[in-house]
Amino acid sequence: DAGVIQSPRHEVTEMGQEVTLRCKPISGHNSLFWYRQTMMRGLELLIYFNNNVPIDDSGMPEDRFSAKMPNASFSTLKIQPSEPRDSAVYFCASVSLGNSYNEQFFGPGTRLTVL
Amino acid sequence: SQQGEEDPQALSIQEGENATMNCSYKTSINNLQWYRQNSGRGLVHLILIRSNEREKHSGRLRVTLDTSKKSSSLLITASRAADTASYFCAVTGFQKLVFGTGTRLLVSP
């Protein structure tokens with residue numbers, strides 16, 4: 001199993017540009033989570049999906065952030081327009097809802113730098 | 001918030017020594033998990049302890065849970081340089097994990 005796949009691994013962009021981060025969860029997992037990690041705020045949950053449906057987006061910082069999961073094998077997190085304070089590492093994680101232990105499997109992350 | 005908070009924030013030890021990290025949380029939980037993060041990598045699940053368990057072992061890892069004190073500890077015995085990483089506790093609410101701030105462990109050869 002390839003694990004959770006994220007792309008790109010690194011993204012450098014200029015303020016005001018649109019950024020799209022991508023995630024492919026582990027096959028068979030039906031819950032997907034987007035996190036953001038910074039030194040100042042640690043690891044924050046942004047949004048999560050169950051069976052492709054957004055369940056809780058209370059962690060999305062503002063309207064500039066949006067996330068979609070058009071099918072069970074793909075999700076995107078979009079920032080438009082991007083700002084320097086969005087610089088962080090963004091992680092995607094997936095879990096099987098049948099796993100009552102809720103162990104999450106993380107991708108390698110996308111390091112975003114907004115200049 | 002159910003956020004777990006780890007203590008200490010940083011820990012530096014020699015190979016072969018034991019490392020103990022503590023986690024405190026605020027509300028009732030279903031279970032508590034510990035994750036490790038190597039530099040530049042995603043988090044990796046280490047061990048889970050359920051709210052009705054008091055102690056659990058996995059290899060060189062030992063986790064305890066005291067629900068009356070809302071605290072947990074992670075003990076790594078006979079540490080190795082490869083154990084150098086950040087360690088996070090995560091408390092489980094309804095389907096969500098809420099992560100603590102992490103302990104940075106440095107194990108020197």
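For the protein assembly as shown, treating each Cα as an identical point scatterer without solvent, what Debye log10 I(q)/I(0) comes out at q = 0.11, 0.18 1/Å?
-0.55, -1.32
Can you give the mean number of other chain Cβ atoms that lie within 10 Å of the Cβ atoms in peptide B:35-46? Working shown, then result.
Values: counts 4, 0, 5, 0, 0, 5, 6, 15, 10, 3, 8, 1.
Mean inter-chain Cβ contacts per residue within 10 Å come to 5.
Once R0 is set to 45 Å, what does the formula 1/(1 + (r/R0)^6) return for the Cβ-Cβ distance between A:M15 and B:K69, expressed as a FRET efficiency to the nearest 0.05? Walk me through the intermediate numbers first.
Working: r = 46 Å, r/R0 = 1.02.
Here the calculated transfer efficiency is 0.45.
Starting at the first residue of segment B:14-19, write each ³J(HN,Hα) from the Karplus equation 6.51 cos²θ - 1.76 cosθ + 1.60 with θ = phi - 60°, in whole Hz, x for Gly and Pro.
Result, ordered by residue: 9, 3, x, 7, 8, 10 Hz.
Report the dimensions of segment A:1-45 along its three principal axes from the alpha-carbon atoms, largest first, rounded to Å.
So the three principal-axis extents are 37, 22, 15 Å.
Can you compute the modelled spin-label distance between A:F74 and B:Q9, with each label point 7 Å from Cα toward Cβ, in nm?
Spacing of the two 7 Å Cα→Cβ label points: 4.2 nm.
What's the longest uninterrupted piece of chain A once you rule out the GluC sites (Glu not before Pro) that are loop residues per DSSP with at most 13 other Cβ within 10 Å? Don't skip to the answer; put the middle values down first.
Values: sites that count: A:E14, A:E18, A:E62.
Of all site-free stretches, the longest is A:63-115.
In a Gaussian network model over chain B where Cα atoms closer than 10 Å are linked, find which of B:S71, B:S28, B:S39 has the largest mean-square fluctuation.
Sorting by GNM fluctuation, first place goes to B:S39.
Give the average, rounded to an integer, of partner chain Cβ atoms located within 10 angstrom of each Cβ in A:42-51.
Details: counts 7, 13, 2, 4, 0, 0, 3, 0, 1, 0.
That works out to 3 on average.
May I ask for the net charge around B:E17, where only other residues with Cβ less than 11 Å from the Cβ of B:E17 are counted and Lys, Arg are +1 while Asp, Glu are -1? Kindly include the intermediate steps, with their values, before the conclusion.
Working: positive: B:R80; negative: B:E15, B:D83.
Result for the neighbourhood of B:E17: -1.
Tell me, how many Å apart are the Cα centres for segment A:7-29 and for segment B:46-62?
So the two Cα centres are separated by 34 Å.
In segment A:1-84, which trypsin sites (Lys or Arg not before Pro) are in a loop and have at most 12 other Cβ atoms within 10 Å, using DSSP for the loop call? Mind showing how you got there, number by number?
Values: sites: A:R9, A:R22, A:R36, A:R41, A:R64, A:K68, A:K78; in loops: A:R9, A:R41, A:R64.
Filter output for segment A:1-84: A:R9, A:R41.
Once the Cα gyration tensor of segment A:31-84 is found, what semi-axes does its equivalent ellipsoid get, as square roots of 5 times the eigenvalues, in whole Å, sorted largest first?
On the way: eigenvalues 78, 35, 17 Å².
Gyration-tensor ellipsoid for segment A:31-84: 20, 13, 9 Å.
Would you please report the Å³ per residue occupied by the convex hull of the alpha carbon atoms in segment B:18-104? Write down the numbers at each step before the final one.
On the way: hull volume 7.8 nm³, N = 87.
Enclosed volume per residue, from the Cα hull, is 90 Å³.
Place a point 7 Å from the Cα of A:S87 along the Cα-to-Cβ direction; which residues of segment A:10-30 have their backbone N under 16 Å from it?
Only A:10-17 pass the distance filter.
How crowded by other chains is A:84-91, given as the mean number of beta carbons from other chains within 10 Å of each beta carbon? If you can, show how the numbers build up before the last one.
Working: counts 0, 0, 0, 0, 0, 3, 0, 4.
Whole-number average of other-chain Cβ neighbours for A:84-91 is 1.
With a cut-off of 16 Å, note down the residues of segment B:56-80 whose backbone N falls inside the zone around a label point 7 Å from the Cα of B:L106 toward its beta carbon.
B:80
What list of ³J(HN,Hα) values in whole Hz, one per residue of segment A:39-55 in order, does the Karplus curve 6.51 cos²θ - 1.76 cosθ + 1.60 (θ = phi - 60°) give from phi, with Gly and Pro shown as x?
5, 6, 10, x, 9, 10, 7, 8, 7, 9, 10, 10, 6, 6, 9, x, 9
Quick one: what are the phi-derived ³J(HN,Hα) couplings along segment B:6-11, Karplus 6.51/-1.76/1.60 with θ = phi - 60°, whole Hz, x for glycine and proline?
8, 8, x, 6, 9, 9
Report the label-to-label distance for B:R54 and B:T20 in nanometres (one decimal), using points 7 Å from each Cα along the Cα→Cβ vector.
So the label points at B:R54 and B:T20 sit 1.7 nm apart.
Any read-out appearing in this document is the output of simple, stated calculations on the displayed coordinates, not a laboratory observation. What you see is a predicted model; the values in this text were computed from it and never measured. We place every Cβ from the backbone using ideal geometry, glycine too, and count neighbours over all the protein chains shown.
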